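The values are calculated or read from the model by the stated rules, or taken from the named source; none is laboratory data. Remember, it's a predicted structure, so these values are computed and weren't measured experimentally. Heads up, the Cβs are rebuilt from the backbone with ideal geometry, glycines too, and the neighbour counts pull from every protein chain shown. Heavy atoms of the whole protein, side chains included, go into the accessibility calculation; ligands, DNA and RNA do not. Shrake-Rupley method; radii C 1.70, N 1.55, O 1.52, S 1.80 Å.
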Amino acid sequence: MHIHVNGKALEVAAPTLGALLRELDYDDGAIATALNQNFVRKTDRSKTPLKEGDAVEILVPRQGG
Amino acid sequence: MGVADMGADSLELYGVELSSRLLAGTAQYPSPAILSRAIAAAKAEVVTVSLRRESGGSRAGEHFWSLIRELGVRVLPNTAGCRSVKEAVTTAEMAREVFDTPWIKLEVIGEEDSLQPDVFGLVEAASILTREGFQVFPYTTEDLVAAEKLIGAGCEVLMPWGSPIGSGRGLNNPYALKSLRAHFPSVPLIIDAGIGAPSHAAAAMEMGFDAVLSNTAIAKAGDPVRMARAFALAVEAGRIGYRADLMQARDMAAPSTPVIGRAFGDLARA
């Protein structure tokens, strides 16, 4: 399945957002997720299915002004 | 002598009482160690943070978040760089989960060169986020009508710009900023963006603004830790000066030394 993760095209096997995070080696710490510009809560990731062409954002804490 | 010695003068933001009126950004510091020391020197109790993309396995975000938590300060996440209401709202929702706070510094940028806030999008996003339970700190201009609408949308704090983000130009429009202060005497107003020097921060505080947020001016200084200290002193001095009630400026000179009793005063001038 071809999707975009943080703007990059990727081919992934993960059927859900939760599985995708494990496939891409994100730990379960301080990250936030969105699917097609909609926020996905941590508790909803494992039940959020992915489909061809989806755009996933995975964000982490960073410096800010 | 500190402000505490001058009578109670705490700042209240959404029910949170703060003793420091200098908020600090966390970006662009030469190193994490200098960031930590600068925040301590600034005596800031609130720091701004953001969310950004990171590759899996990098853990830079986790390290940064650990550093901030060790500082023991309150975080104000931002939606920096968002160009639409949708982007800003989604980023705010993501930030609330990660940083575990209802506070959000709401930025909806409308113009690339000046990074000027899109006040129309800002009002719309603020309204949505307030309904979702956020406590919104909108980064706005000095526009009175936009400010009125933001307050109507549920904002209890406003963050007007001094000048464009990162420009260091100070208070570009003092007349409008004074009008804003006079128009909303009881709304906490924090000058955000464009502050380049401690004197700019002091000027904002002397005008009666409630606090100043500074990032680039401290982080990009030759000695950020020393500059953080300078900003802390400037904000405190400006605040005390405001509370002491500044004299009115005049167009003409007025002698400060008594005129009566001046020697030779009875001699005609040649």
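Look at B:E124 and say whether it is farther than 12 Å from A:F39 by Cβ, away from every other protein chain (no Cβ under 14 Å) and without any contact (Cβ under 8 Å) to a residue 24 or more places away in the chain. The answer is no for B:E124. Restricting the range A:13-35 to residues that are assigned to a strand (DSSP E or B) and more than 9 Å from every other protein chain (Cβ to nearest Cβ), the residue that is surrounded by the most Cβ atoms within 10 Å (Cβ to Cβ) is A:L35. Please give the number of the condition B:R262 fails out of (1) over 12 Å from the mean Cα position of the chain (by Cα); (2) on the phi > 0 side of the Ramachandran plot. Single failed check for B:R262: (2). When the range B:20-43 is filtered for residues that are more than 13 Å from every other protein chain (Cβ to nearest Cβ), open to solvent by 10 Å² or more (accessible area, probe 1.4 Å) and touching a residue at least 12 places away in the same chain (Cβ under 8 Å), the ones remaining, listed by number, are B:S20, B:R21, B:R37, B:A40, B:A41, B:K43. The number of residues in the range A:48-65 that are part of a loop (DSSP other than H, G, I, E, B) and crowded, with 22+ Cβ neighbours inside 10 Å comes to 2.
Kindly provide the set of residues from the range B:50-88 that are of a type in the set (A, V, I, L, M) and under 23 Å from the mean Cα position of the chain (by Cα), ordered by number. B:L51, B:L67, B:I68, B:L71, B:V73, B:V75, B:L76, B:A80, B:V85, B:A88 - these are the residues of the range B:50-88 that are of a type in the set (A, V, I, L, M) and under 23 Å from the mean Cα position of the chain (by Cα). Taking interchain pairs and intrachain pairs at least six residues apart, which have beta carbon atoms under 6 angstrom, with the first residue in the range A:1-14 and of a type in the set (D, E, K, R) and the second assigned to a strand (DSSP E or B)? Sorted first by the residue in the range A:1-14, then by its partner, the pairs are A:E11/A:H2. In the set (1) closer than 20 Å to B:A44 by Cβ; (2) surrounded by fewer than 22 Cβ atoms within 10 Å (Cβ to Cβ), B:A201 fails one condition alone, (2). Taking B:M207, is it open to solvent by 30 Å² or more (accessible area, probe 1.4 Å), more than 24 Å from B:L122 (Cα to Cα) and touching a Lys or Arg at 6+ places or on another chain (Cβ under 8 Å)? When the stated conditions are applied, B:M207 passes them. Being open to solvent by 50 Å² or more (accessible area, probe 1.4 Å) and away from chain A (no Cβ under 13 Å) holds for only one residue in B:E17, B:E87, B:E97, and it is B:E17.
For the residues B:D251, B:D266, B:D192, the requirement of being open to solvent by less than 80 Å² (accessible area, probe 1.4 Å) and of a type in the set (D, E) singles out B:D192. Looking only at residues in the range B:147-162 that are open to solvent by less than 10 Å² (accessible area, probe 1.4 Å) and in contact with a helix residue (DSSP H, G or I) (Cβ under 9 Å, 6 or more places away or on another chain), which one is nearest to the other protein chains (Cβ to nearest Cβ)? For the range B:147-162, the residue satisfying everything is B:G162. For the range A:3-39, the set of residues classified as in contact with a strand residue (DSSP E or B) (Cβ under 6 Å, 6 or more places away or on another chain) and of a type in the set (D, E) consists of A:E11 only.
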